[in-house]
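Heads up, the thing below is written out as structure tokens.
The values are calculated or read from the model by the stated rules, or taken from the named source; none is laboratory data. This is a predicted model, so every value here is computed, not measured. Backbone-built Cβ (ideal geometry, glycine too); neighbour counts: all protein chains shown. Please note that ligands, DNA and RNA were not included when accessible areas were found on the heavy atoms of the full protein model with its side chains. Shrake-Rupley method; radii C 1.70, N 1.55, O 1.52, S 1.80 Å.
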Amino acid sequence: MADEDNSSDRVDNETPKPEKMFTLKKWNAVAMWSWDVECDTCAICRVQVMDACLRCQAESKAGSGRQDCVVVWGECNHSFHYCCMSLWVKQNNRCPLCQQEWSIQRMGK
Amino acid sequence: MLKQDKGQQHTFEDKWPSMRAIVLKLLQQEPVTQNEWQDLFYNVHSVCLWDEKGAVKVRDALTDDIMEFIKKAQVRVMSHQEDQALLKAYIAEWRKFFTQCNYLPTPFRQLETSLVGYKTPGFKTATEASIVRKLMLDSWNESIFSDIKQRLQDSAMKLVHAERAGEAFDSQLVIGVRESYVNLCSNPKDKLQIYRDNFEKAYMEATEAFYKMKAPQYLHANGVQNYMRYADSKLREEELRAHKYLESCSGSVQLLTECCVNVLVTAFKNTILAECAGMIKANETDKLQLMFKLMDRVPDGISPMLDDLVEHILQAGLDDMMASADVITQDSEKYVERLLQLFNQFSLLVKEAFSDDPRFLTARDKAYKQVVNDTQVFRLELPSKQNSGVKCQPESKCPELLANYCDMLLRKTPLSKKLTSDEIESKLRDVLLVLKYVQNKDVFMRYHKAHLTRRLILDTSADSEKEENMVEWLREVGMPADYVNKLARMFQDVKVSEDLNQQFKEQCRSTRGSIADSINIKILNAGAWARGSERVTVSLPMELEDYIPEVEDFYKKKHSGRKLQWYHHMSNGTITFANSVGRYDVDVTTFQMAVLFAWNQRSQDRISYENLRLATELPDPELRRTLWSLVAFPKIRRQVLLYGPEVQSPKDFDENTQFWVNQEFALVKNGKLQKRGKINLVGRLQLSTERSKEEDNESIVQLRILRVQEAIIKILKMRKKMSNAQLQTELVDILKNMFLPSKKMIKEQIEWLIEHKYMRRDEDDINTFIYMA
Ligand SMILES: [Zn+2]
Ligand SMILES: [Zn+2]
Ligand SMILES: [Zn+2]
């Protein structure tokens, strides 16, 4: 099972203090990000907010350009695809979920 | 001269004697001088012009002479008793006479105009329309021909019969008889009527009678396989003969061929077909080719052969798989090779025996699909009920093994290392070929995605270009688009994450110096990579824990509105293990790291399972699995950890089981201890926890249920109202690229949709559904 025989002795030089049995050499950390939303689904297009909205999906095959389809939060704390919401407010300036007047609290980036 | 003759010597009575002499010479095919020939023209002309009744009189006299001539010919013909002599004599007389039918009418053209008047212009050139010619042929027909046609025909058929029996004769005799049948017809609407009603009919009957007698004899004496050759050669022979003896462009040849097929093949259809299964089994492609050729001419001849082929592929395919079940269920490479070999074997059979005829290709596909999806060889259990996981529906393990094989080709493995790029590509294409036949493509995609996730996270792809090509190939073979799109997103995402990692390292380098080199981050889009959110708690070693807020701060500055979730079960690293023997670089998962670092403060201690659990905070199943990988990693002589008392499997550890570091740990190469070295203990990176593995299977079922519901609504929305049977057909059609829904699942989903008022049953017919908006 031993692959190769070329461990460096760099660690020796760097650690003058009493050596631990196990020392960290490299760590590949993995994390997943998701939009910090209360509801996973965009109530306007019914697609998960982690996916691009229907419009963006149709425009780009295989999800290219997906990075641009961000999420927007209203003062009411409800969240939607920014694309979906900006079309929605042209017709009706209220949150589709709570009917409060829509005003942007923050945008996802 | 002309002036003198005017009005005197142009009556019929004056002229006929000299005309007649020439007419008789012509009939008897005696030589006629140029002058005589021209005189005849002139005389016909003048009689018709100057004698009021001249035309009629000429015609009558001509008829008499023709009849006279025919009578003599008849006597000459009938004087022969023997068939061939009679035919020979008749044909000689007929040919002579028929030649004259083309000459004699010419001088009498004036007669035509006089008799008919000028009513029908435009007929001048057509000798067929000539009255004299018609008169000649009719006379021949009425006297000689109608008298002896039966004898002629019988004699001709006897000759054909003799030819079939292998005797040689002058084929012109039969052809001559046929010609007289064709040429004698005076029915302008159907010029072949006499030929068809007599000659053709007799020919068909004689042929049929001949083979009705011969074919069974031959079959009886020589057996089916020789008989097929016989029938085939006779069909060809009779077609050639028909071209010779039957009138072309009359459809006769085709009629005769049909007659031969009936009497030679159709009559023995079942006897011949009974041999088919055996021949397929024995791979007798030449004989099958012959049978195919014969049966293709018979109504419904091919479909029993198709059934035999399907039966054979199923039988041979499944027998073969069962025979090597113990190997192929364990070894995905062997399994895929076996499947491909079967496919090639069946394809070769279809090519050599049936010339890749589309009907046989379809039958091959149908049967091969069943072999691929068969569940007898191995079973993968999927819970089939949405709420209770009790009932299980067995599925073929084929999609999983195909995905494993792909992974071996795409990952850095001994297999992929020994193959060239082209070889790998061609093997991947092979997988795609088999994949086309896999019913549950969604299962393949699930495993494929899991393998891809491991390759991307552990950076173990053998060739990143090939990885991305594979995504497009999957799209090309019609894998469900939403699954393929997810894969494409993963590639994109991993590139975005790599950029982010570089930025992080730069920032880190400025604040923490060279230690930045020891950390890499992958921050991925949860939507593309992970299904449900699951969190495995682990208490990270201090060395790692410090990084967490640093990464999170860095990420917050880059992005907003996002939350991060650490996937420590996916993260991994390299540690240096120093003991009395040497120093080793060990690739480990973060869980393994957490367990091992527990010894850093007490390197010689024995630590109980219970205390390791407290130290790492790992959930029970994960801790057991991690410990097992450190005390019993496959294929290494000396393990990193030792334990006691000994157990058979990780589930047998109890809370008092003791673990300690193997101070004698060393890498062994060619029987020698190594003081330095590198070893990978990651194994197959666990992408999910034990609990979520079951959820994984559940989630496939959930997804299938959702797809079935969507498809039913989609179909009903379009059709508004439809029968159950029709709905099932269209449903399977829509979903077949992903999976084959079971009848039970369809039924359950229909009930659910009715209950939730998406649709209803027709009041008059419970098997008809109506869409409800
Ligand atoms: Zn949306
Ligand atoms: Zn969008
Ligand atoms: Zn709201």
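Observations on the structure shown:
- Selection status of B:D232, over 49 Å from the mean Cα position of the chain (by Cα) and modelled with pLDDT of 85 or more: no
- Candidates in segment A:86-105 are the residues that are in a strand (DSSP E or B) and over 22 Å from the mean Cα position of the chain (by Cα); of these, the one that is nearest to ligand 2 (Cβ to nearest atom) is A:R94.
- Residues of segment B:628-666 that turn out to be open to solvent by less than 60 Å² (accessible area, probe 1.4 Å) and farther than 26 Å from B:A578 by Cα, as a count: 4
- Selection count, segment A:84-109, where residues are away from chain B (no Cβ under 14 Å) and open to solvent by less than 30 Å² (accessible area, probe 1.4 Å): 3
- Among the residues of segment A:64-105, those identified as small (G, A, S) and either within 14 Å of ligand 1 (Cβ to nearest atom) or in contact (Cβ under 8 Å) with a residue 24 or more places away in the chain (or both) are A:G74, A:S79, A:S86, A:S103.
- Test for B:S510: is it under 26 Å from B:K558 (Cα atoms) and either open to solvent by less than 20 Å² (accessible area, probe 1.4 Å) or modelled with pLDDT of 90 or more (or both): no
- Test: residue in segment A:53-63 that is modelled with pLDDT of 90 or more and at the interface with another protein chain (Cβ under 7 Å from one of its Cβ atoms): no
- Number of residues in segment B:268-303 that are under 19 Å from B:L314 (Cβ atoms) and of a type outside the set (D, E, K, R) equals 11.
- Per this entry, B:R637 is not counted among residues that are without any contact (Cβ under 8 Å) to a residue 12 or more places away in the chain, more than 8 Å from chain A (Cβ to nearest Cβ) and not in a helix (DSSP H, G or I).
- For segment A:30-47, the candidate set comprises residues that are surrounded by fewer than 21 Cβ atoms within 10 Å (Cβ to Cβ) and within 12 Å of ligand 2 (Cβ to nearest atom); within that set, the residue that is nearest to B:N485 (Cα to Cα) is A:V47.
- Inside segment A:41-59, residues that are without any contact (Cβ under 8 Å) to a residue 24 or more places away in the chain and within 16 Å of ligand 3 (Cβ to nearest atom) make up a count of 1.
- Segment B:175-194 - residue that is assigned to a helix (DSSP H, G or I) and open to solvent by 40 Å² or more (accessible area, probe 1.4 Å) and, of those, farthest from B:S252 (Cα to Cα): B:N183
- Pairing residues of segment B:95-108 that are in contact (Cβ under 8 Å) with a residue 60 or more places away in the chain and over 20 Å from B:V58 (Cβ atoms) with residues that are open to solvent by 40 Å² or more (accessible area, probe 1.4 Å) and not in a helix (DSSP H, G or I), at Cβ distances under 7 Å and at least 6 apart in sequence or on separate chains, gives B:K96/B:Q29.
- Under the condition of being open to solvent by less than 40 Å² (accessible area, probe 1.4 Å), of a type in the set (D, E) and assigned to a helix (DSSP H, G or I), the residues counted in segment B:36-82 number 1.
Yes/no per residue for (1) closer than 18 Å to B:H161 by Cβ; (2) assigned to a helix (DSSP H, G or I); (3) out of contact with any strand residue (DSSP E or B) (no Cβ under 9 Å at 6 or more places or on another chain); (4) of a type outside the set (V, I, T):
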site	(1), (2), (3), (4)
B:F210	yes, yes, yes, yes
B:A221	no, yes, yes, yes
B:L240	yes, yes, yes, yes
B:T257	no, yes, yes, no
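- All told, A:C83 meets the bar of being within 16 Å of ligand 2 (Cβ to nearest atom), at pLDDT below 95 and within 22 Å of the chain's Cα centre (by Cα).
- For segment A:15-45, a tally of residues being over 16 Å from A:N77 (Cβ atoms) and within 12 Å of chain B (Cβ to nearest Cβ) returns 18.
- A single member of B:S580, B:S603, B:S608, B:S560 is more than 20 Å from B:G644 (Cβ to Cβ), assigned by the TED database to the domain that holds B:I636 and not β-branched (V, I, T), and it is B:S580.
- Unmet criterion (only one of (1) touching a residue at least 60 places away in the same chain (Cβ under 8 Å); (2) farther than 27 Å from B:W566 by Cβ; (3) within 59 Å of the chain's Cα centre (by Cα); (4) open to solvent by 20 Å² or more (accessible area, probe 1.4 Å)) for B:R625: (2)
- Subset of segment B:158-174 (residues that are of a type outside the set (K, R), in a helix (DSSP H, G or I) and closer than 15 Å to B:Y90 by Cβ): B:L159, B:Q172, B:L173, B:V174
- One residue stands out in segment A:29-62 among those that are assigned to a strand (DSSP E or B) and either among the small types (G, A, S) or in contact with a Leu (Cβ under 8 Å, 6 or more places away or on another chain) (or both): the one that is nearest to B:V661 (Cα to Cα), namely A:A29.
- Check on B:S464, away from chain A (no Cβ under 14 Å) and without any contact (Cβ under 8 Å) to a residue 40 or more places away in the chain: yes
- Flag for B:S233 being in the same structural domain as B:K88 (by the TED database), open to solvent by less than 60 Å² (accessible area, probe 1.4 Å) and either within 30 Å of B:N102 (Cα to Cα) or without any contact (Cβ under 8 Å) to a residue 60 or more places away in the chain (or both): no
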